[in-house]
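Engineer: The following block contains the structure, expressed as structure tokens.
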Amino acid sequence: MLTLGSLGFAAPLALLGLTALPVIWWLLRVTPPAPNRVRFPAIRLLKGLTDEEETPAQTPWWLITLRLTAAALLVFAFAEPVTNPSAQPQGSGPLLLVVDDNWAAAPRWAQRQATLDSMLAGARRSGRTVALLQTAQTTRADTLDILTADDATALAAAITPSPLDVDYAAAAQRLNASALRDAGAWQVVWLTDGLAGAGDAALAAELARHGDVTVISPAADETALALRPPSQLGQSFEATLLRASPSGTREGLVRAMGDAGRILTEVPFAFSDGKTTTTITLDMPLELRNAVTQLVIAGEPSAGAVTMLDDRWQRRTVGLVSGGSSEDAQPLLSDLYYLRRATSPFAELREARTSHLQADDTSQIENLLSRPLSMLITADVGQLVGDDAQRVAEWVEAGGTLVRFAGPRLAANTDDLMPVTLRGGGRALGGALTWAAPQGLAPFDETSPFAGLDIPPDVEINRQVLADPSGTLAQNTWARLTDGTPLVTAAQRGDGWIILFHVSADTDWSNLPISGLYVEMLRRLLDLSRGTGAQDGEAPTRLLAPWRALDGAGRLVAPPALAQPVSPTRIDDLRPSPAHPPGLYGAADAFRALNVIAPGQSLAPLDTSFADATSAYAGTGERALKPLLLMLALALLVVDGLIALVLSGRIRLPQTWRIPGTAAVLLGPVLLGHMLLASTLMPWTSTAMAQEQLPGDDIALLATLDTRLAYVLTGDNAVDEMSRAGLSGLSQVLRARTAIEPAEPLGVNVERDELAFYPMLYWPILPTQQALSSEALARVDAYMKRGGTILFDTMDHQRVSAVGSSPGNDALRALLGNLDVPPLEPVGEGHVLTKAFYLLRTFPGRWAGGDLWVEARGDDIASPGTLNQDGVTPLLIGSNDFAAAWAIDARGLPMAQPVPGGERQREMARRFGVNLVMYALTGNYKADQVHVPALLERLGQ
């Protein structure tokens, strides 16, 4: 490889052909031998005549220049020039490529892929054998094979970042056990993530034994960032960010994400020079804090930049059980009314009544305990009977927290699920029949969970249940009245707690439930609870099955097939592995998070002092110039042939067309450039130019005479052509499979064109999407509200981060922020889009996996004031690049390859397109089919 700056030649010896150009020039300008002169008397008749077609004595210089240029282009083409040549060590020996494919390599994976592709391209040109070693943790036990460059290229194309950490020790063992050393000295290139890892010294030593080592690392300000799991400070989160290199400063944002990728808040962070950690505080209202599902580093798409939160940080679940009947449950008189108001801001509530049975004859308490529960509160339940008592006792012993409130029933009859022994009846304080006055609360002891809480002076207790004196009563008392009698007692039972409030949960016995102290006491008790649960009679230590897994880019996906369940008691100490990948374990309503970064983890830079050479990643991969040069040379030869035909007289040009030779050589390249540019841009501009030339009335006529799909012009020729080709391909599918016969699609400019002619608009969103004028916003808003449907496509699902953030999403969010957009939700099971023509579950395009968002529906298909008059959502939002999957060229061949599902995915994308158009044209008629039996019955009457 001969390298000249950013240009390289894979076959530099071919450049010697340039030395033949002088010889070619001499041959081209040789003058043919002079003809023999023979006197012919009649020749005098031709004297004085001028021959308009004169044969030159030698080849014109401008034609020689044209031919020499073509020859030079051919020489350069066979030298195989490339741009951005790879920085691999030169040689002909075998090449060992070591690739860090862990989470830390994900943020700039495109750079690593480009560098890897360039090196493999060089290996193909030189015929070198290649061995490819991946360092991320894996369950593979296969040997390290020696591959051809073509096989290695196919293997490298399938490599994606893993959410796991590197396992350098295992990689060194695989390398040591291989037969690579028998193949002689290797040229070793290690594409690192720039971070130190366990066993990196062992791997470095093993690589050095195989040959010279070149290490390619990211720059210090490009190494991956990581986020530790946060700690809770009241209603706030305190999170620590990590980086490997202390040099320089780095800034960014940490976002708190809710369900469906909603950004709840964001906080800036900054690393000071010399620091590898920085701490931020996310201060949010309690309701928002409970809605946080993830903390992410914006713009850092890796599993290490995502911290998933479970109910240890949020969403504690509290069960409420009342001993009263539902007939007594009036809003302000209900046993549970004040408990609901006090606990709902920081907990999810589930309710049950002791007197009710489920449809399967199981009690509501049994059903309540069948799902994970943080705390169980009973209001005036004197005695749990039958299996309920046994199940609650087992739940408490396994670590549950049972909080009981007194009342008339509990005062009259109790069970053994009590922290202390109670006296029968109760104690009345105040009233006409007692001399005792209502009591206030004494200050809390330092050992009490309520220590530090302020006691309002107006809290009064009018009645309580009393505990029998015992030697352990004092240590079991967490709160007292001013006369020393217990207000709250507690006792540990197994791994859990039983806590008793000696007053009722409502205002019959005290005004405590209407004070702020009541809320804070229950909050303290919830923080005390561990949160355990059981299902179907199993022990609380049942295994949690994998539910969602993080991929290398920090996105939640389906768990891998080899993922194994984990024990809830071990997950806090578990480190991610191939058997237990990072993600969520359990179910949608109860899960535990296993994060990539541990609470005390730190990052350090990789020591590259062992390497023989170091370099940085290439910004872009190699690009071969040979096809372009061959095309230009062929075009010049075609021009030369045409000129030769003209000069020989085989093609006669009008006199007015003839130009001097000097002008021809100057005009030739200009015409050639225009021809190449026109052939390149013709597919992109022909439709738009033809449409631009039509008057507005003619466009309206085209749009109304035939049903046409439309796409929004973005100003990017490539994107607009793909949109046109996509809708053209979809129109062809519709004509072949349905009764709809749409004409060719039209492009619209939302700033000036009328939109009402089109049933559906396809709107590709670019990161450079410009803000719309007020007139255009009004036009788009009116279109959606009057029955039109718009499919917004950000086309960048493959670049979406864990939180749904991408340049396209940000641009779309800015655009929709100026429109009257209704609440949105992902397309759910049973939506009309899933059955409008084909039965579908997913909606792929060129990419697969992205959600399709539609307007949120109420209980009815078309709730008043939500969906448009046909029950059709006015907008759909996706990121799967749908037009590219539909697009066909002039020959009817697909223009883009769907990833990863290939032709099967393209077929599903076409089916989605059919469903979408049917949905936009026919409304919710499929949903109306559920009313057919009732309509037929009514007609029969």
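Engineer: Contour minus end-to-end for residue 567 and residue 778, with contour as 0.36 nm per residue of separation and end-to-end as the Cα-Cα distance? Each step should come with its number before you reach the end.
Structural biologist: Numbers: separation 211, 0.36 × 211 = 75.96 nm, distance 5.58 nm.
Stretched fully, the residue 567-residue 778 segment lengthens by 70.4 nm.
Engineer: Ok, one more. Can you put 547, 763, 847 in order of accessible area, largest first, using a 1.4 Å probe? Could you put the intermediate results ahead of the total?
Structural biologist: On the way: 547 65, 763 5, 847 45 Å².
Sorted descending by solvent-accessible area, the residues read 547, 847, 763.
Engineer: Then there is this: Give the ranking of 295, 713, 473 by solvent-accessible surface, highest area first, calculated with a 1.4 Å probe.
Structural biologist: Ranked from most to least accessible, the order is 713, 473, 295.
Engineer: Continuing with this model, one more query. Quick one: Cα centre-to-centre distance for segment 151-176 and segment 734-790, in angstrom?
Structural biologist: Here the two parts' Cα centres lie 47 Å apart.
Engineer: Counting residues in segment 445-533 as N, plug N into 2.2 N^0.38 Å and put the Cα Rg over that result. Provide the component values of the computation, followed by the final result.
Structural biologist: Working: Rg = 13.2 Å, N = 89, 2.2 N^0.38 = 12.1 Å.
Computed over Cα atoms of segment 445-533, the ratio equals 1.09.
Engineer: Find, among the trypsin sites (Lys or Arg not before Pro) in segment 98-149, those assigned to loop by DSSP (not H, G, I, E, B) with at most 16 other beta-carbon atoms within 10 angstrom. Write out the running numbers ahead of the final one.
Structural biologist: Values: sites: 108, 112, 124, 125, 128, 140; in loops: 108, 128, 140.
Answer in residue order: 140.
Engineer: Given a Förster distance of 22 Å, report the FRET efficiency between residue 904 and residue 737 from their Cβ-Cβ distance, rounded to the nearest 0.05.
Structural biologist: With a Förster radius of 22 Å, E is 0.80.
Engineer: Turning to a different aspect of this structure: Please find the FRET efficiency linking residue 543 to residue 201, where r is the Cβ-Cβ separation and R0 is fixed at 45 Å, and quote it to the nearest 0.05.
Structural biologist: Using R0 = 45 Å, I get an efficiency of 0.75.
Engineer: Right, another one. With r defined as the distance between the Cβ atoms of residue 221 and residue 491 and R0 fixed at 45 Å, what FRET efficiency is calculated, to the nearest 0.05? Spell out each step's value before the answer.
Structural biologist: Working: r = 57 Å, r/R0 = 1.27.
FRET efficiency, residue 221 to residue 491: 0.20.
Engineer: Might you work out the accessible area of residue 209 for me, using a 1.4 Å probe with all protein chains in place, and round it to the nearest 10 Å²?
Structural biologist: Near enough 130 Å² of accessible area.
Engineer: Put a dot 7 Å past each Cα toward the Cβ at residue 527 and residue 312; how far apart are the dots in nm?
Structural biologist: 1.7
Engineer: Which residues in segment 483-502 place their backbone N less than 13 Å from a point set 7 Å from the Cα of residue 455 along the Cα-to-Cβ direction?
Structural biologist: Inside the label zone: 483-488.
Engineer: Enter the accessible area of residue 734 (Å², nearest 10), with the probe set to 1.4 Å and all protein chains included.
Structural biologist: We get 0 Å² for residue 734.
Engineer: Sort 405, 757 by accessible area with a 1.4 Å probe, largest first. Display every interim value, and only then the final one.
Structural biologist: Details: 405 0, 757 75 Å².
Sorted descending by solvent-accessible area, the residues read 757, 405.
Engineer: Sticking with this structure for a sec: With contacts defined as alpha carbon pairs under 8 Å and 6 or more residues apart, what's the relative contact order of segment 375-509 in percent? Don't skip to the answer; put the middle values down first.
Structural biologist: On the way: 279 pairs, mean separation 42.8, N = 135.
32 percent.
Engineer: Using 7 Å Cα-to-Cβ label points, what is the residue 272/residue 437 separation (nm, one decimal)?
Structural biologist: 5.7
Engineer: Here is a follow-up. Run the numbers for residue 416 and residue 124: contour at 0.36 nm per residue of separation, minus the present Cα-Cα distance, in nm.
Structural biologist: Working: separation 292, 0.36 × 292 = 105.12 nm, distance 7.93 nm.
Length difference between fully extended and current span is 97.2 nm.
The values are calculated or read from the model by the stated rules, or taken from the named source; none is laboratory data. The structure displayed is predicted, hence computed values, not measured ones. Cβ sites come from the backbone with ideal geometry, for glycine too, and all protein chains shown count toward neighbours. Ligands, DNA and RNA are stripped out before the accessible areas are found, and what is left, the full protein with its side chains, is counted by its heavy atoms. Shrake-Rupley method; radii C 1.70, N 1.55, O 1.52, S 1.80 Å.
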